[in-house]
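Below is one structure, written out as C-alpha cells, with a few remarks after it.
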Amino acid sequence: MGHPRFGLLSHDWARWALVAAPVLLGVAVLVSGWTMYHGVQQASASLLRGQADALFERVVLQLMELPRPVPEADLLGVLADLQDEGLTSLRLISPDGRAVAEAGEPLGTRVEPLLALPPGQPLIENGRALVVFRGPPGRAGRRRFRGRPMPMLVLAFEPRMAMQLKAAAARTLGVGALAALVFVALALAGARWSYRRQQRALEAEHAERLGALGQMSAVLAHEIRNPLASLKGNAQLLARALPEGARERSKADRVVSEAVRLEALTNDLLDFVRRGDLQCVDVDPTRLLQTAAETLDVNLSIDDTQAPTVWRLDPQRLNLVLTNLLRNAHEANPQGVCARVAQANDRLLIEIRDRGPGVAPSDLSRIFEPFFTRRTQGTGLGLAVAKRMVDLHEGQIEVRNASEGGAVFRIWLPRGQRQEAS
C-alpha cells in the first residue's frame, strides 16, 4: 500500500482502477461496435435477399403477360419499369444454358459462377448484385407455366440500401475502434501520470527525510566531536601508560578503537551534510585518482588512454568520492582494483571495478541510501557521501555487476562551474 500522505491514488487498487476503467470502457465500446456491425451485416444480407426476391416477383409477373419467346423490346420495357427500384440488367436463359433474351447493362461476368450459387443467393460484383432464379414464384406462377419450362432469370441490380447500411455499420465500427484506442491511450496516460505522481511524492518525501537527517546528523556530529576527541586522547594516553599484554591495556586499546570508529562516523556525517560553494578548478582527473589510491595504499591499474589532461571540478569533494569507492573496491578484492578515466560526449567518465563477489541484485537500488550496509563494520555512509558529492557536481553515479564478476561503479561528471551546493 502507498504512503497515506500521497492521497487516495497512492493505494494500489486506486491506481489499478485508474488504468482498468478506461480499458474496460474501450473494450466495451469495441465489443458493442463489433456486435452491432455483425448484426448489421446479417440485416444487410437479409435486406439484399429481400430486394432480389421482390424484383424477381415483379419481373416474373410482367413476363407472364408477354408472348413467347419474349420480344427484346418488351424485355426492355420490363427493365425500364423497374429501373427506379435499382434493376440494371435482365437476362433470360433457357434450361440448356443458352441466352434467350437480354436487356440493360452487360453483366460483365460469365453465367457459370452464378449458376454455382444457391438459387436466389446474390453475388456482389463491382457494386452490383447478381442473382439467378430458376423457377416461377407462387402457385399462380406454377399454374401459368405448367407444361412449359420457365427460363432462368439473371438479374443485376444496385443494392443501395444494403450497401448504405453496411457502410454505416463500417463507420460505426471504425468510430468504436477509434474510441477504444482513445480509452486505451487515456489508460496509459493515466498510469504514467499516476506513476510519475507517486515517484515525485516519494522523491519529495525522501528529500525531506534526508534534509531532516542531515540537520540532525550535523548537530550530533558537532556536539559529539569535541568530547569524543577528548575521550580518544585520554584513552590513548592511558593505553600508552599501561604495560603491553596487561588486561587493562587491552581494555584501553578497545576504548581507543571504538573512539576512532565514532570519530570516523562523525566525519562521515559531516561530509554527508557538508554545504557551501563548489571550488571548481582545473584538475588532472587521472592524477587525482592515483593520489587517492596511494593514500589508501590500493594496488590500482588505470586505463587513461582516452582521459582528458584537465577537467574542471572540485578536487576536495571528488576526492571523498574516489576514496570511498577505492576503499570499498579494495576491501572486496585486496589483490588489485581496475579503473578507467575517459572523456565521452563532453562528460568525464571515471570507472572503478573490483573482482569481488559483486552487489546483491536486491541491494542495487538501495546501495546509495544513507546508513544502508551489509557489513558488520561500517557506517553505511560512504556511498551516500559519494552520491551526494557527485550530485553537487550535477553528475551521475551508478553501479552494476560485471558479467565476469565484481562490481563496477561509474561516475559521469560535466565540466564544473562555480555553483551553489545545496
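The values are calculated or read from the model by the stated rules, or taken from the named source; none is laboratory data. The shown structure was predicted, so the numbers you read here are calculated from the model rather than taken from an experiment. Note that we place each Cβ from the backbone using ideal geometry, even for glycine, and neighbour counts take in every protein chain shown. Ligands, DNA and RNA are excluded from the accessible area calculation, which covers all protein heavy atoms including side chains. Shrake-Rupley method; radii C 1.70, N 1.55, O 1.52, S 1.80 Å.
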* To do: Enumerate the pairs (first residue in the stretch 382-406 and in contact (Cβ under 8 Å) with a residue 24 or more places away in the chain; second residue anywhere and open to solvent by 70 Å² or more (accessible area, probe 1.4 Å) and of a type in the set (A, V, I, L, M, F, W, C)) with beta-carbon separation below 8 Å, excluding pairs fewer than 6 apart on the same chain, so at least 6 apart or on different chains.
  => ALA384/PHE371
* Residue that is nearest to ARG160 (Cα to Cα), among those in the stretch 79-101 that are open to solvent by 80 Å² or more (accessible area, probe 1.4 Å) and in contact (Cβ under 8 Å) with a residue 12 or more places away in the chain -> ASP81
* Asked: So, of the residues in the stretch 237-265 that are over 53 Å from the mean Cα position of the chain (by Cα) and under 18 Å from ILE224 (Cα atoms), which turns out to be most open to solvent (accessible area, probe 1.4 Å)?
  -> VAL255
* Asked: Quick check: is even one residue across the stretch 102-109 surrounded by fewer than 12 Cβ atoms within 10 Å (Cβ to Cβ) and at pLDDT below 70?
  -> yes
* Within the stretch 333-347, work out how many residues are open to solvent by 40 Å² or more (accessible area, probe 1.4 Å) and either in contact (Cβ under 8 Å) with a residue 60 or more places away in the chain or small (Gly, Ala, Ser) (or both). => 2
* **Of all residues making up the stretch 374-413, the number that are part of a loop (DSSP other than H, G, I, E, B) and open to solvent by 70 Å² or more (accessible area, probe 1.4 Å)** => 7
* Would you mention how many residues in the stretch 204-228 are closer than 28 Å to ARG254 by Cα, open to solvent by less than 60 Å² (accessible area, probe 1.4 Å) and at pLDDT 70 or above? => 1
* Asked: Within the stretch 294-329, how many residues turn out to be open to solvent by 60 Å² or more (accessible area, probe 1.4 Å) and either under 18 Å from VAL399 (Cβ atoms) or assigned to a helix (DSSP H, G or I) (or both)?
  -> 4
* Can you find a residue in the stretch 305-328 that is closer than 23 Å to ARG415 by Cα, touching a Cys at 6+ places or on another chain (Cβ under 8 Å) and modelled with pLDDT of 90 or more? -> yes
* Could you list, in sequence order, all residues of the stretch 339-373 that are part of a strand (DSSP E or B) and within 17 Å of ARG327 (Cα to Cα)? => ALA339, ARG340, ILE350, GLU351, ILE352, ARG353
* Asked: In the stretch 374-398, how many are over 33 Å from the mean Cα position of the chain (by Cα) and not aliphatic (A, V, I, L, M)?
  -> 8
* Determine whether the stretch 169-192 contains at least one residue that is at pLDDT 75 or above, under 16 Å from the mean Cα position of the chain (by Cα), open to solvent by less than 100 Å² (accessible area, probe 1.4 Å) and of a type in the set (Ser, Thr, Tyr). => no
* **Cross-chain or 6+ apart pairs with Cβ under 6 Å, the stretch 288-306 first and touching a residue at least 12 places away in the same chain (Cβ under 8 Å) and within 20 Å of ARG355 (Cβ to Cβ), then charged (D, E, K, R) and part of a strand (DSSP E or B)** => ASP303/ARG340
* To do: Kindly provide the set of residues from the stretch 348-372 that are open to solvent by 30 Å² or more (accessible area, probe 1.4 Å), of a type outside the set (Phe, Trp, Tyr) and under 29 Å from the mean Cα position of the chain (by Cα), ordered by number.
  => ALA360, PRO361, SER362, LEU364, SER365, ARG366, GLU369
* Residue ID - modelled with the lowest pLDDT, chosen from residues in the stretch 40-75 that are of a type in the set (D, E, K, R) and farther than 19 Å from VAL132 by Cβ -> ARG68
* Just need a number here: residues in the stretch 40-78 that are crowded, with 16+ Cβ neighbours inside 10 Å and hydroxyl-bearing (Ser, Thr, Tyr). => 1
